[in-house]
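Scroll down for the structure; my scribbles are underneath it.
The values are calculated or read from the model by the stated rules, or taken from the named source; none is laboratory data. Just so you know, these numbers come straight off a predicted model, no measurement behind them. Here the Cβ positions follow ideal geometry from the backbone for every residue, glycine too, while neighbour counts run over all protein chains shown.
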Amino acid sequence: GAGVSQSPSNKVTEKGKDVELRCDPISGHTALYWYRQRLGQGLEFLIYFQGNSAPDKSGLPSDRFSAERTGESVSTLTIQRTQQEDSAVYLCASRGSYEQYFGPGTRLTVT
Amino acid sequence: AQSVTQPDIHITVSEGASLELRCNYSYGATPYLFWYVQSPGQGLQLLLKYFSGDTLVQGIKGFEAEFKRSQSSFNLRKPSVHWSDAAEYFCAVVNTGFQKLVFGTGTRLLVSP
């Protein structure tokens, strides 16, 4: 079946602009995660959605970052007033029971 | 808090040789452990997982890992490496409730001819 999809695959933006990244989870998966992967580094947890519960936003690095999810469907990660240090690959994952399944990521470059 | 250490940033192995990638974790209770692989430009693919039971777990692509509680380790092994195994490998631990994965910084595997 279809896996986790993310769009766009690549995004180049100018410093100070806002960007929206989209994640389509696997159908039926109740949990959805966003991670950030900076060049040469591991994955950094950003935010976690579980059903209709309040999201766990403990990993968001600043108030410029926000995310939304409608029900158990699509999620968008928004970065406002982008900075060069926001350049990274942003990975989305969804989970049904135990395992997280990852999308291919969005590579964000802030110039 | 949980943490994962992958002490090797890069490893180079000759094709056909055996491979062992190290992973040490810090977690108070029984850990749930994972190995993921990330090929260039791709997302992460689950290789194998350990929840309980047999401490030697088999995964996809001929990989296996052994959980050693006394050493707080979950090392990944493969008896004979193929060129297509060149990728970045991440070890991860999840908290009870499976809410958050904590990743190591990864080990980049290079395969030489």
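The criterion of at least 1 residues that are under 17 Å from B:Gly41 (Cβ atoms) is met by the following strands (runs of 3 or more DSSP E) wholly inside chain A: A:5-7, A:10-13, A:19-24, A:31-37, A:43-50, A:88-95, A:100-102, A:106-110.
When B:Tyr32 is tested against (1) in contact with a Pro (Cβ under 9 Å, 6 or more places away or on another chain); (2) within 11 Å of chain A (Cβ to nearest Cβ); (3) farther than 23 Å from A:Arg38 by Cβ, only condition (1) is not met.
Please enumerate the residues belonging to segment A:49-68 that are in contact with a strand residue (DSSP E or B) (Cβ under 7 Å, 6 or more places away or on another chain), of a type outside the set (A, V, I, L, M) and more than 13 Å from chain B (Cβ to nearest Cβ).
A:Arg64, A:Phe65, A:Ser66, A:Glu68
Scanning segment B:9-54 for residues that are surrounded by 15 or more Cβ atoms within 10 Å (Cβ to Cβ), assigned to a loop (DSSP other than H, G, I, E, B) and modelled with pLDDT of 95 or more yields B:Arg22, B:Cys23. Candidates in segment A:42-68 are the residues that are of a type in the set (A, V, I, L, M) and more than 12 Å from B:Gln99 (Cα to Cα); of these, the one that is surrounded by the most Cβ atoms within 10 Å (Cβ to Cβ) is A:Leu43. Can you confirm whether segment A:22-41 contains a residue that is within 27 Å of B:Pro40 (Cβ to Cβ), crowded, with 18+ Cβ neighbours inside 10 Å, among the basic types (Lys, Arg) and touching an Asp or Glu at 6+ places or on another chain (Cβ under 6 Å)? Yes: segment A:22-41 contains one or more residues that are within 27 Å of B:Pro40 (Cβ to Cβ), crowded, with 18+ Cβ neighbours inside 10 Å, among the basic types (Lys, Arg) and touching an Asp or Glu at 6+ places or on another chain (Cβ under 6 Å).
There is no residue in segment B:66-77 that is within 29 Å of A:Arg107 (Cβ to Cβ), within 14 Å of chain A (Cβ to nearest Cβ) and not in a loop (DSSP other than H, G, I, E, B). If you take the residues of segment A:69-107 that are acidic (Asp, Glu) and surrounded by 13 or more Cβ atoms within 10 Å (Cβ to Cβ), which of them is farthest from the other protein chains (Cβ to nearest Cβ)? By that ranking, first place goes to A:Asp86.
Residues being of a type outside the set (Val, Ile, Thr) and over 14 Å from A:Gly105 (Cα atoms): count how many of those fall in segment A:5-23.
The total comes to 5.
Look at (1) small (Gly, Ala, Ser); (2) more than 8 Å from chain A (Cβ to nearest Cβ); (3) in contact with a strand residue (DSSP E or B) (Cβ under 8 Å, 6 or more places away or on another chain) and you find that B:Gly104 fails only one, number (2).
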